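Questions regarding the structure given below will be posed in turn.
The values are calculated or read from the model by the stated rules, or taken from the named source; none is laboratory data. Treat the numbers as computed from the prediction; the structure is a model and nothing was measured. Glycine also receives a Cβ, built like all others from the backbone with ideal geometry; neighbour counts cover every protein chain displayed. With ligands, DNA and RNA removed, areas are computed over all heavy atoms of the protein, side chains included. Shrake-Rupley method; radii C 1.70, N 1.55, O 1.52, S 1.80 Å.
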Amino acid sequence: MTMIADNLQQVKQRIAQAAEACQRDAASIRLLAVSKTFPAQAVREAHAAGQVAFGENYIQEGVEKIAALADLPLEWHCIGPIQSNKSRLVAEHFDWVHSVDRLKIAQRLSDQRPASLAPLQVCIQVNIDGGPTKAGVPPADALELARQIKALPRLNLRGLMTIPEPAPDFAAACAVHAQARALMDALNAHGLGLDTLSMGMSADLDAAVQSGSTLLRVGSAIFGGRNYGPA
Ligand SMILES: *Cc1c(COP(=O)(O)O)cnc(C)c1O
């Protein structure tokens, strides 16, 4: 078994244990393998081990990997910041976007989504713990943006995405994730019909499961440590 296949199995085991601890059905929690900085070959290995959904932060890098792996039936999620001049690449190549945080980008994505493709699946990125420099809408603005996105023809609003600061312990991590869960419930009380809560990474996936995550974005626990140094 390859290292990636072995890591994937361990991550799934962790998810199963976290789900059992809070009486959730592990099948209700999706695993997104975050392949940023890793080569197409690593994605191939993960796919051979049964993984279908992959996440990329850097749009250009993601588009290159998508092209290199076009022979595989993969689902691609954009989870990084989107500048206006990159929205077309996202609209044309990805299946999901988790990082929509303003109407202008949502509008461009809808306008640029090719008619030949299914609607783009979208999550609103929410700055759930109020970091002053962080991407994401303030929680108080999520309802308005959600309503605006609902009106765009080529986007399908699915839910919320959060990237909280690392928490000091399990209880603190659960508390922050629970705020995101409460926000999604509040939006659904307005009839928005959201089914996706994208939260939890390698370090805090157990707490995220406990607090209601439906989609975990896991990179290093599957692919190993990232090297951002000079290539
Ligand atoms: C890199 C990244 C992840 C994965 O982080 P790990 O700690 O490697 O699991 C998840 N979500 C986002 C938005 C990321 O940028």
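Where does each of Thr162, Thr2, Thr133 land when they are ordered by accessible area, with a 1.4 Å probe and the largest first?
I get Thr133, Thr2, Thr162, largest accessible area first.
How would you order 195-206, 21-32 from highest to lowest mean count of nearby Cβ atoms within 10 Å?
Highest to lowest by the protection proxy: 195-206, 21-32.
Under 15 Å from the Cβ of Ile79, count the other residues' Cβ atoms, weight Lys and Arg +1, Asp and Glu -1, and hand me the total.
Computed value for this residue: +3.
On full extension of the chain, what length is gained from Ala182 through Gln13, given 0.36 nm per residue of separation minus the C-alpha to C-alpha distance?
Gain on stretching Ala182 to Gln13: 58.2 nm.
Once you keep just the Cα pairs under 8 angstrom separated by 6 or more residues, what percentage relative contact order results for region 3-223?
21
If the chain between Tyr228 and Glu144 were fully stretched, how many nm would it gain, using 0.36 nm times the residue separation less the Cα-Cα distance?
26.6 nm
Per DSSP H run of at least 4 residues, take -39500 (n - 2.57); add these up for the chain, divide by its residues and hand me the 222 nm value, nearest 500 deg cm²/dmol.
Here the helix-only value at 222 nm equals -12000 deg cm²/dmol.
Over region 3-106, calculate the relative contact order: mean separation of alpha carbon pairs under 8 Å at least 6 apart, over the residue count, as a percent.
About 21 percent, as a whole number.
Sort largest first and round to whole Å: the equivalent ellipsoid semi-axes of the chain, each the square root of five times a Cα gyration tensor eigenvalue.
They are 25, 24, 16 Å, listed from largest to smallest.
For Arg44 and Ser116, FRET efficiency with R0 = 30 Å and r from the beta-carbon atoms, rounded to 0.05?
The pair Ser116/Arg44 has a calculated efficiency of 0.70.
On the protein heavy atoms, probe 1.4 angstrom, tell me the percent of accessible surface of the chain carried by carbon and sulfur.
53
Write down the accessible area per residue of region 68-183 in Å², having rolled a 1.4 Å probe over the full set of protein chains.
Accessible area per residue: 46 Å².
For the pairs Lys12/Lys134; Lys86/Lys134; Lys12/Lys65; Lys36/Lys134; Lys12/Lys150, note any where the Cα-Cα span goes beyond 28 Å.
Lys12/Lys134; Lys12/Lys150, as the Cα separations exceed 28 Å there.
Relative contact order of region 65-146, please, whole-number percent, based on alpha carbon pairs below 8 angstrom and at least 6 residues apart.
It comes to 25 percent, rounded to a whole number.
Now for a separate question. Length gain on complete extension for the stretch Ala135 to Asp6, per 0.36 nm per residue less the alpha carbon to alpha carbon distance?
43.1 nm
Once R0 is set to 22 Å, what does the formula 1/(1 + (r/R0)^6) return for the Cβ-Cβ distance between Ser28 and Asn156, expressed as a FRET efficiency to the nearest 0.05?
Calculated transfer efficiency: 0.70.
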